[in-house]
Amino acid sequence: MGTYAVTGSASGMGHETTQRLRADGHTVIGVDIKDADIVADLSTPHGRELAAAGVLAACGGKLDGAVLAAGLGPGPGRERLRQIGQVNYFGVVESLVAWRPALAAADRAKVVVVASNSTTTVPLVPRRTVKALLAHDADKALRSVRPFGPGAPTMMYAASKIAVSRWVRRHAVLPEWAGSGIRLNALAPGAIMTPLLQEQLATPRQAKAVRSFPVPLGGFGQAGHMADWMCFMLSESAEFLCGSVIFVDGGTDAYFRPDDWPKALPARGLLGYLRRYRRSRSL
């Protein structure tokens, strides 16, 4: 049996995953703003430090895996706008960086980051916001979305999920991660019936936007189904999964961009990546 850290463990997909892991006999260290083993506010630097340190103390320096499910969706107010980027991006990245030694101490640890299909289905997401988050410049990210007015929270949400997905893809293949036996992947759900979605559906403007998005299979996904996917991605069956972003969204991503992926890598780009790979292997 293994030891796993789960952020967002008190509700939604994080709660469902926690329940399944514990039912299978695993030890789970839950992190959330309330009703968790470690109560911490991931929207603040201090809260993220508390969460990181608390998990490391509880696991004894060894983690078999982690699920980063804590997240915030679009909502009203300047404070919510700030919190979206802090929780969805910094709450994931800073936790994983702190936990990486404990993950490396385990045998073939696996990590699942909850991304979103908003990474490919929300138009006009400002590149500068994504770049600011990847550069860990929270203030610049906030300034970059404020011109969108009422649409700023949606832009920040999509940008935070794009940034965290790219962080996963960039880091998953590095010696510090793949080379240390850590499988780092992301799950990109669509509209899943969680407290976050229920909050959006309770607001007429957001409810209209949510319901207007095409879902070829119809309806909303279930948190329990996403938990099944995450438990699979933590299992031995996912030994060869590395740097993947898996869409489970009822077909929405495929509906909007059927021909955008897979996309061939240009020859010039391939040669550059091969040189970089050889250099990394020689270090």
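Each Lys and Arg Cβ is given +1 and each Asp and Glu Cβ -1; about its Cα centre, the stretch 61-155 then shows a dipole of about 280 debye.
Highest GNM mean-square fluctuation among Val210, Val173, Val55, for the chain modelled with Cα contacts below 10 Å: Val210. On a per residue basis, the chain carries 50 Å² of accessible surface, using protein heavy atoms and a 1.4 Å probe. For the peptides 262-270, 95-103, 144-152, 235-243, residues were scored by their other Cβ atoms within 10 Å and the scores averaged per peptide; the highest-first order is 95-103, 144-152, 235-243, 262-270. Computed about its Cα centre, the charge dipole of the stretch 145-250 is approximately 560 debye, with only Lys, Arg, Asp and Glu carrying charge at their Cβ.
For the stretch 3-280, the dipole from Cβ point charges (+1 on Lys and Arg, -1 on Asp and Glu) about the Cα centre works out to 1340 debye, to the nearest 20.
Could you work out the local net charge near Ala188, counting Lys and Arg as +1, Asp and Glu as -1, over the other residues with Cβ closer than 9 Å to its Cβ?
Details: positive: Lys161; negative: Asp249, Asp253.
Residues close to Ala188 contribute a combined charge of -1.
Give Lys34/Lys110; Lys62/Lys263; Lys161/Lys208 a once-over and call out the pairs whose C-alpha atoms are over 29 Å from each other. Distance filter (> 29 Å) returns Lys62/Lys263. Helical content of the chain, expressed as a calculated mean residue ellipticity at 222 nm, amounts to -14500 deg cm²/dmol (DSSP H runs of 4 or more residues, -39,500 (n - 2.57) each, divided by residue number, nearest 500). In the stretch 43-139, which trypsin sites (Lys or Arg not before Pro) fall in coil by DSSP and have 16 or fewer other Cβ atoms within 10 Å? Within the stretch 43-139, the qualifying trypsin sites (Lys or Arg not before Pro) (loop, at most 16 other Cβ atoms within 10 Å) are Lys62, Arg108.
Starting from the Cα-Cα distance between Met1 and Ala178, subtract it from 0.36 nm times their residue separation and give me the gain in nm to one decimal.
Working: separation 177, 0.36 × 177 = 63.72 nm, distance 2.21 nm.
My answer for the length gained is 61.5 nm.
Given a 1.4 angstrom probe, I'd like the percentage of the accessible area of the stretch 1-141 that is carbon and sulfur, rounded to a whole number. Exposed carbon and sulfur together represent 50 percent of the surface.
I'd like the carbon and sulfur percentage of the solvent accessible area for the stretch 162-283, probe radius 1.4 Å, heavy atoms only, ligands and nucleic acids excluded.
57 percent
Checking every one of the GluC sites (Glu not before Pro) in the stretch 1-81 against DSSP loop status and a limit of 13 other Cβ atoms within 10 Å picks out no site at all.
Taking 0.36 nm per residue of sequence separation and removing the Cα-Cα distance, the Ala207/Phe256 pair yields an extension gain of 15.6 nm.
If you take all other residues with their beta carbon under 12 Å from the beta carbon of Val97, and give Lys and Arg +1 and Asp and Glu -1, the sum is -1.
The values are calculated or read from the model by the stated rules, or taken from the named source; none is laboratory data. Keep in mind it's a predicted model, so treat the numbers as computed, not measured. Reconstructed Cβ throughout: ideal geometry from the backbone, glycine too, with neighbour counts over all protein chains shown. These area figures cover heavy atoms from the full protein model, side chains too; ligands, DNA and RNA do not enter into them. Shrake-Rupley method; radii C 1.70, N 1.55, O 1.52, S 1.80 Å.
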